[in-house]
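Since the structure comes first, as structure tokens, the remarks are kept for the end.
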Amino acid sequence: MNSVGEACTELKREYDQCFNRWFAETFLRGERGADPCGQLFRRYQLCVQKAIKEKDIPIEGLEFMGPSKGKAESSS
């Protein structure tokens, strides 16, 4: 599946490959440790945010999962 922005599609593929490899080869074997794909995810996330702004996609009222959502819920 392509990303919301054409410029982000390759970053998405790289992240998906990294995550799938980590999940199958590390996580499912019970190994826990640092996320080797975090940098790729952050680059992809920034690209998607930029594409959403450029395409003027309305996102008001949508709930997103992510670090800020968890912090807001835990601080209540």
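Solvent-accessible area per residue in the stretch 6-55 equals 78 Å², computed with a 1.4 angstrom probe and all protein chains kept. Sorted on the mean count of surrounding Cβ atoms within 10 Å across their residues, most packed first, peptides 9-15, 25-31, 39-45 read 9-15, 39-45, 25-31. The Cα atoms of the stretch 6-55 cover 41, 16, 11 Å along the three principal axes, with the biggest extent listed first.
The values are calculated or read from the model by the stated rules, or taken from the named source; none is laboratory data. Because the structure is a prediction, the values reported are computed rather than measured. A quick note on method: Cβ atoms are made from the backbone with ideal geometry, for glycine too, and the neighbour counts reach across all protein chains shown. Surface areas here come from the heavy atoms of the whole protein model, side chains and all, with no ligands, DNA or RNA. Shrake-Rupley method; radii C 1.70, N 1.55, O 1.52, S 1.80 Å.
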